[in-house]
Amino acid sequence: MATLFACAAQAAPVLRVLAWPGYADPDIVKRFEERHKVKVQVSIVSSDESLWERVNANGGGDVDVFAVNTAELKRYVDGGLVVPLNLGNIPNAQAQLPRFRNLAAIPNLTHQGRVYALPYTYSEMGLIYDRKQVATPPTSISALWDPRYRGKVLAFDTGSHNFSIAALALGRPNPFQIDDASYDEVVRHLVALRRNVLTFYSLPEEAVELFVGQHVALLFANYGTQQVQQLRKAGADIGYVIPQEGALAWLDCWTITRGARDKVLAEAWINHMLERSVGEALTERQGLANTVVAPAGEDRNSKILWLEPVENAERRTALWTRIMSGARPETLVNGKR
């Protein structure tokens, strides 16, 4: 019995992290574990919808800290699922680039004067194309619907972003706010996209395998420059463009759940992830921009559309599920049936 108590007393605390692919490499996790004498359990998420389902299911009770984009962050704050940060426990935030230190200027990071998340990485969602099959670089997001590439297009499996890119392709002024009168046309356009693609992917590694193995011509790069780097490492001869309508762009941040077992330890994790060496590793290994070192060769003339909360996330998700199931356009009139 004494041995059991001794083992229990010596058991290291566990930090439960929910992250996107490439955000928490084993060596970076190990360094944190050794420094703080803890164990870290990392779970990987593949979509905004699955992230919400995981955290919302039990108030974040099985997650301590997670990465989420600024547009999605709002509903976690509104739902009371995350808690304000104590910046005194995260000194590395002071070494971030100036644009990321101005927290009040970044939508949804603060609420009622309190900070709920800190920026970690960002990227725009451009178009990747195979130079052998696409002689002229595509200029419009509408290339995803081009019948010349039917069966050779990869798109991302998510309702939220796909409704936004369909709205962009249709010339809607604000892709994040689709009015009721436009829903029918947007839904029909997404059915057409479903019919034009080879398939919809979830993880970047899956997209690389499909792109190379299935001789894909065009890819909607939900993971942005991370996918560019992965494909080039795989030997693909590709180009990358920002369409003329603009590219959706995400800014992912670390935040802490209300169910966190040790908030100070979770804040130590965020501080660790904002170290310069971690940011440089993220960029070198994953091709993602970090918030500590300015990216080289960034095209500041490209049109970037930072993600914003959408008009109705649940409606988009429900409709996307039906579209993916093969529903015909006439059964989705006005996006309500």
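The values are calculated or read from the model by the stated rules, or taken from the named source; none is laboratory data. Only a predicted model underlies this, so the values are computations on that prediction, with no experimental measurement involved. Note that we place each Cβ from the backbone using ideal geometry, even for glycine, and neighbour counts take in every protein chain shown.
Residues checked against (1) of a type in the set (G, A, S); (2) closer than 30 Å to F32 by Cα; (3) free of Cβ contacts under 8 Å to residues at least 40 places away in the same chain; (4) touching a strand residue (DSSP E or B) at 6+ places or on another chain (Cβ under 7 Å):
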{"residue": "V187", "(1), (2), (3), (4)": "no, no, no, no"}
{"residue": "L190", "(1), (2), (3), (4)": "no, no, no, no"}
{"residue": "F200", "(1), (2), (3), (4)": "no, no, no, yes"}
{"residue": "H215", "(1), (2), (3), (4)": "no, no, no, no"}
{"residue": "Q226", "(1), (2), (3), (4)": "no, yes, no, yes"}
{"residue": "Q229", "(1), (2), (3), (4)": "no, yes, no, no"}
{"residue": "A247", "(1), (2), (3), (4)": "yes, no, no, yes"}
{"residue": "V264", "(1), (2), (3), (4)": "no, yes, no, no"}
Using the structure shown, decide if A217 is surrounded by 19 or more Cβ atoms within 10 Å (Cβ to Cβ) and touching a His at 6+ places or on another chain (Cβ under 6 Å).
-> no
Within segment 202-213, can you find the residues that are touching a strand residue (DSSP E or B) at 6+ places or on another chain (Cβ under 7 Å) and not aromatic (F, W, Y)?
-> A207, L210
Give the residue, chosen from P107, P13, that is of a type outside the set (S, T, Y) and more than 19 Å from I270 (Cβ to Cβ).
-> P107
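For (1) closer than 28 Å to S50 by Cα; (2) free of Cβ contacts under 8 Å to residues at least 24 places away in the same chain; (3) within 20 Å of the chain's Cα centre (by Cα), each residue gets a yes or a no:
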| residue | (1), (2), (3) |
| --- | --- |
| Q94 | no, yes, no |
| P107 | yes, no, yes |
| P119 | yes, no, yes |
| V134 | no, no, no |
Given (1) surrounded by fewer than 20 Cβ atoms within 10 Å (Cβ to Cβ); (2) under 23 Å from T70 (Cβ atoms), T139 misses just (2)
Of the candidates V65, V40, the one satisfying the condition of being of a type in the set (A, V, I, L, M), touching a helix residue (DSSP H, G or I) at 6+ places or on another chain (Cβ under 8 Å) and farther than 18 Å from P119 by Cα is V40
Return the residue satisfying two criteria in turn: it lies in segment 311-322 and is aliphatic (A, V, I, L, M) and either surrounded by fewer than 20 Cβ atoms within 10 Å (Cβ to Cβ) or in the same structural domain as T70 (by TED's automatic domain parsing) (or both), and of such residues it is farthest from S47 (Cα to Cα).
-> A318
Tell me, yes or no, whether segment 245-266 has at least one residue that is assigned by TED's automatic domain parsing to the domain that holds R31, over 30 Å from Y76 (Cα atoms) and either in contact with an Asp or Glu (Cβ under 8 Å, 6 or more places away or on another chain) or at pLDDT below 95 (or both).
-> no
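Yes/no per residue for (1) farther than 18 Å from S46 by Cα; (2) of a type in the set (V, I, T); (3) assigned by TED's automatic domain parsing to the domain that holds R232:
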site	(1), (2), (3)
V134	yes, yes, yes
P138	yes, no, yes
L144	yes, no, yes
Y149	yes, no, yes
K152	yes, no, yes
S160	no, no, yes
A167	yes, no, yes
Can you find a residue in segment 122-130 that is of a type in the set (G, A, S), crowded, with 20+ Cβ neighbours inside 10 Å, under 22 Å from the mean Cα position of the chain (by Cα) and not in a helix (DSSP H, G or I)?
-> yes
Restricting attention to segment 181-191, does a residue exist that is under 22 Å from the mean Cα position of the chain (by Cα) and surrounded by 16 or more Cβ atoms within 10 Å (Cβ to Cβ)?
-> yes
Does segment 47-70 contain at least one residue that is more than 16 Å from the chain's Cα centre (by Cα), farther than 30 Å from A318 by Cβ and at pLDDT below 95?
-> no
